[in-house]
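In what follows, a single structure is set out as structure tokens and then discussed.
None of the figures in this text is laboratory data; all of them are computed from the coordinates on show. For clarity, every value in this text was computed on a predicted model and none was experimentally measured. We place every Cβ from the backbone using ideal geometry, glycine too, and count neighbours over all the protein chains shown.
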Amino acid sequence: YYEHALENQFRYKLDGFDKDWSAWSPATKKEYTNLSEGRYRFRVIAKNIFDHESSVAEYSFVVFPPWYRTYLAYFGYVVVFVLVLLGGIKFNTRRLMAAKRRLEGIVDDRTRQVRKQKEQLEIKNTQISQAYSELEQTHHTLKRTQNQLLDASWKAGMADVASNVLHNIGNVLNSLMVTHSLLRDKLKSSRIGNLRKAAALNKEYMSGLVELAEQPSKGRSIIEYLSKLADHLCAEHDLYQKDISHFEKDLERVTSSVSKQQVYAEMRSKPERLGPQELVDLAMELSPLSSRSDVQIDYDFRCHDPILVDRHKVVQVLIALLSCMEKSLDSSYLIEKRMEITVEKTDHDCIRFAIVGIAAGMDPEKLNDLFRFDSEPSSDSQALSLHASANAAKSMGGRIMADSQGAGLDGRFILDIPIV
């Protein structure tokens, strides 16, 4: 070990800190830092250049903890903690007591307020009970008024139907008067008087017929005159027959209109299962449009399923919508008036009657006032009629709507009736 001592190598292990022996190294010192308190044993083994190992050298030592980790320090920590805890408890107790006193004062104030509010609520409850009794009486009064308004709306709708029927009758009567005037004028201008004159001449100059026969030119003139007079009288007869036929048709229309008015004059009707086309036909027959030849009406029936409805209500609504659309068409700039009536089934299990007027639209701002009774009614009671129609549609679970993108564009009225 003493030969070439500087080349000796060492390895070490600090029990309690190192887990295993260190590698061989010629270093002759070893430093340890941050050793925890406790007992340690440092062991070293040496090896010379001939790989002869020495016996293990040991050194035991003790590392004491710092003062702040001694038992006395820990005891001081506990004493300080207990004192701080007791101080905190005492301080918190005083704070809670003060808060309790403030809370008791607040509770007393709130209790007085609650008692006062209770007294006020009892007074208001009495007032509310009295107001409720008055509201019940008002409700019954409003209910009676509503029923009266519904009856008035129904009668208004009936008046509108009667007005349309009377309009049709008036048109027919005007046609009858024109036909009567034509017949009178034609009878005045008839040449039947000339025929009587010719017959009188023939009777008066019976004896001169032989003489006329001997004069071919005069006899031929009389015969030709009589032939032409006969042809003219036959033509007049045919024309009178045609006028009389028109006269009879107009009378039939008057009779039919009066009969339909008698049917629809009933104030209540039972629900019937009718087809949409039948309802449209009935409304058209009672509408003024039935007598107008200047309005082209196109029909598109996409649904023919019968529905259970009140015939009168549906016809009343359709007539009101047709009349309103007719007035819109009259104010249109188009010379040729055209209307489209479509019946189809919607996705909400309803039958939709759509009445479209070509170029018969109106300002969208005015659409909302069409069905409002409180808006200023027109001279022909259009607002009242539409209001009554809206109530009738609502009573059947349906609705009516108006749709237009502006004046001069197409306008549309819609009636939706649920399928029952």
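Laid out as a table, the results:
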read-out	value
Theoretical FRET efficiency, 1/(1+(r/R0)^6), r = Cβ-Cβ of residue 295 and residue 272, R0 25 Å, to 0.05	0.30
Length released on extending from residue 21 to residue 55, taking residue separation times 0.36 nm less the Cα-Cα span	10.8 nm
Within region 1-63, GluC sites (Glu not before Pro) in DSSP loop having at most 15 other beta-carbon neighbours inside 10 Å	3, 31, 37
Simple label model, 7 Å out from Cα along Cβ direction - residue 363 to residue 73, nm	9.5
Sequence of 309, 107 once ranked by neighbouring C-beta atoms within 10 Å, starting from the fewest	107, 309
Sites matching chymotrypsin sites (Phe, Trp or Tyr not before Pro) across region 282-351 that sit in DSSP coil, with at most 12 neighbouring C-beta atoms within 10 Å	333
Flagged links, alpha-carbon separation over 20 Å, of 270/327; 327/394; 345/366; 313/337; 313/394	270/327; 327/394; 345/366; 313/337
Pair residue 139, residue 245: separation of 7 Å Cα→Cβ label points (nm)	6.8
Where trypsin sites (Lys or Arg not before Pro) fall in DSSP loop in region 78-113, at most 13 other Cβ within 10 Å	none
